[in-house]
1. Hey, can you rank 298-305, 582-589, 975-982, 941-948 by average C-beta count inside 10 Å, highest first?
2. Please report, in whole Å, how far the alpha carbons of the range 647-774 spread along each principal axis, starting with the longest.
3. Determine, for Val53, Val453, the number of other Cβ atoms within 10 Å of each Cβ, and report the residues in order from fewest to most.
4. If the only charges are +1 at each Lys and Arg Cβ and -1 at each Asp and Glu Cβ, what is the size of the charge dipole of the chain around the Cα centre, to the nearest 20 debye?
5. Rounded to the nearest 5, what % of the DSSP beta bridges within the chain are antiparallel ones?
6. How big is D for the range 47-150, in µm² s⁻¹ as a whole number, if Stokes-Einstein is applied with the Kirkwood radius of its Cα pairs at 10 °C and 1.306 mPa s?
7. More than 21 Å apart: what percent of Cα pairs in the range 538-627 qualify?
8. Sorted by packing (mean other beta-carbon atoms within 10 Å per residue), highest first, where do 395-401, 104-110 land?
Amino acid sequence: MLSRRLLVLLAAAALALSVDAVDRSKFRTCEKTQFCNKFRNVQRQELPSKFHVERASIRSDSDANLVRFLVEDAVQKGGVPLAGSLAFVLNADKAAVPALRVRLQEKFEDPKDPKTRWTSDDILVPAAEETRPLRQLTAKEAALKTPINEENVLLFAPETQGTTHVVAALKLGEGSFGVDLYLDGEKVVSTNDDGLFHYEIRQDRADAAAQAGAAADQAAVDAHEGKTIVDYGEDGLAIYDDGTVQKKEEQAATTTATVGADGNVEGWEESFGGHTDKKKFGPSSIGLDVSFHGSVRAPRSLYGIPEHATDFVLKDTIEPSDEGEDKRKVVTDPYRLYNLDVFEYELDNPMALYGAIPVLVAPNKENTVGMFWNNPSETFVDIWTNEESNSKSSHWLSESGVFDLFLLAGPSSADLFSQYTLLTGRAQLPPLFALGYHQCRWNYKNEADVARVDAGFDEHLIPYDVLWLDIEHTDGKRYFTWDEHAFPTPTNMQESVARTGRKMVTIIDPHIKVSQSKDKQPYYIHTEAEELGLFIKDEQGNDFKGWCWPGESSYVDFTSAKARAWWRHQFRYENYKGSTKHLYTWNDMNEPSVFNGPEVSMRKGCKSLAGVEHREWHNLYGILFQRSTMEGQLVRQQPPPEPLSAFAEDLQLTSDMQRPFVLSRAFSAGSQRYGAIWTGDNTAEWGHLRYATKMLLSMSVAGLTFVGADVGGFFGNPSTELLTRWNQAAAYQPFFRGHAHHDSARREPWVFGEPTTSRIRAAIRERYSLLPYIYTLFHTCYARGMPVMRPLWAHFTLEPQSFSEEDQYLLGDALLVKPIVEEGVEATHVFLPSGNAEDKTVWYQVTDGYKRFFGGKTYENVPAPLDAIPVFHRGGTILPRKQRVRRSSELMRDDPLTLVVALDQHFEARGELYVDDERSLAAEIEGEGTVVSFQQTKEGLRSTATAATVQGKRYTSLMWVERIEVYGFQSEANLPKQVLVGGERAVDFQYDAASDRLVLRKPQVLVTDDWELRFVYDQALE
């Protein structure tokens, strides 16, 4: 008889060959989800409740800077009211525009009522709680540009405002609760215009016996036909002892009606795919419609709500129709926000993927506004267009959670990005090595394989920074262990890789293999967590057990501070045997993925250690896992703890600690604080390359900026052309990693031979040349919240095409990138925007000899040979580069700098460079870092170095400027006759008229010093 392991491998191989795309039957749609199906298509007149603000309840709380009020149901009178509050938050900068926060929560008679909704302390940062003093206004004082009925609206504004005036309007009309936002008198955001606000009040079960009943898995039929299950695939299909695999079947969805305590008949139970979910407090969903107002001259577009493999410009899910009472038709399912392990996901589909950030950004040519729906439970979002007003509307439906809405007032894109990241935290400043090239596959087989790959990069003169090991490096998929046969000396292996400044990464997933009696020795991680009671509980209070890569597994409860503290201590060198300071971490499968669970995830009725149902915090599991891992990389640098403080929650950080690096698949609002994210298990197809740009832009505008997609596609085998084009695109994206499935052929950069190797080498070398610029962009993101990878509308709002363009993007404000995403294309069209209708932006094509273009139009047949994709340098900006590419980024630290100056039409340019030690926490704790500002004018080039923060200190670097290239003088008549350093020493320079390039050699100035190059002319420039 075949062994169980062989049967599993054979079945998995057969499954890999047979699966073409996601098995949709494993995942619920809105129609198969009780709360979404109930409220999605409801019309205003059909709502069971009509909520309004009780006028007599409105009061100003000057101590908390809040307006407090009660919201009551005008239909079902006498029920539980909602306690509401309105506040302007983000108070650190009085001149900056604040965000508007609106909160609602059931006001039960007993403040400790168990039905009180759970709230998380892990999404928002303290700035979100800093309220700004406010005052009530009259309509005249508010200077609104459209009339309002003051009897049904109360107006509020911050006591102190900058040049942009923001006003909040609390609507009081019967059955029409809502809050609107005005900017300089114009209504820009409104809520409940379509009357879709709802709030299902939590109830006690009428049947006490039903409440005590188990919500364990139940199957309506024996889906396995009596066969013995030996494993599960990642798609949730069972693998049997006879080597066969469970067949795909359409999953039925049913709702069971139960009578609530108030006599209301609602769905207290839901079944899907053989799993039954019993709701402890009955249906608890909330919902609201939010509209973003535009005009004929300035229509709105919507972006955000990642993660979906859809267009960057969010498509309408509902469209107008001449049929039906509500004159609309459903186009697609709503966008779903529910973290799931989706095996071989489809493109152009709003179904849920690995992460969920409930943020919408709504720019137009006049301003950028948005919203943040602070709710980590399952959420659906519909979108439609109001043709008459050129506005966009959205309908938010969440299964549970509190009502906590932030309206983001902008008014610029930079302002909005800053506001959102002040609420949920600025992105982590990564160590420089994390911005280099990463080489990964499932799996590098042993230490000899690692050594061969490491040496291969040196042999082919290709730089890289990090080598990754997937799950097979462990002892039977027991994390924090090593396969002693394949990796007998892991410390020596890491030290060998680190000799050239490189690092390694090992995968650590959240599923913990359950220790079995047949094991040679118990798995210490499982045994210790079990003894300490740190695992998530099932509906009966026992440790939850689900199936994942190791087989039967338990899951640590990362919502528990005690569990997080215990987890991070597992990364200490004395605990994680074989780990070194050169080893970092990859968190996968943290949605969480449960192969035999509903939708390949955990049952919603499972409970945290605090007794809170999984449905409340599902979308937070991934971020809390990543956070705990990131903190583990800090704790391992601390001295050994005293026994009583071993699991203390507070982290004692010092400036000499090395920055952590953790990659996660699952994410939510705030994940930018803890590391990098990738788009999951993509496929080696041209469509996946094209959608990578769309997905990364969507994540970027939602605050998640350290993002990337697996180069070449995880599944399948890319052609040499596809792999080349993918590397060329990814070299200009925030996270740059090559990765592949174990069934895919090897694809290290040299595998395909010439000319492919040279083309991939060139793309990776270009990345390393740009590291000074890219690192500066990450600091800008850390300091101000500005994304690294940006849509065109982040800087250009003059042309309508800036809002519809999603196949090209900006890397910072200086580079425009147009990936080639179709086979056989060697020329393409590129839209070059312009910042001013009269004074056109100048663009220089980096990959075609800095050929000069003017913005404001689309250029056809732009050269895109297989050697490079079109990349343009924006006139008026200065690009810092390092031309001496070495084996790793660490070896480049003190290498000299080249400045590439692209002049605008006025012969001017500006740029910035951030410099620190590139690895420690000194920048964060002591503010030790230097911002170097470059300014090119007709008179010359000036550099000014300042401390990165007001309270910080300048970092002094040995880096010096070796070369300066200036493009855009246009003729020798415009050239200076002499260039002087500090007005004294002459600098050698040469001009090439064919390329319009002026080269200044060895000005011999230190980057972190203040210095000036003065241009001397015989006559003024024309």
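1. My ranking of the peptides, most packed first, is 582-589, 298-305, 941-948, 975-982.
2. Here the spans come out as 53, 29, 28 Å, largest first.
3. With the sparsest Cβ surroundings first, the list reads Val453, Val53.
4. Using only the charged Cβ atoms, the result is roughly 1760 debye.
5. The answer is about 85 percent antiparallel.
6. Reported coefficient: 98 µm²/s.
7. So the portion of pairs separated by more than 21 Å is 34 percent.
8. Ranking, from highest mean packing down: 395-401, 104-110.
No lab work stands behind these numbers, since they all come straight from the coordinates. Everything numeric here is computed off the predicted structure, so don't read it as measured data. Don't worry about glycine lacking a Cβ; one is built from the backbone with ideal geometry, like all the others, and counts go over all protein chains shown.
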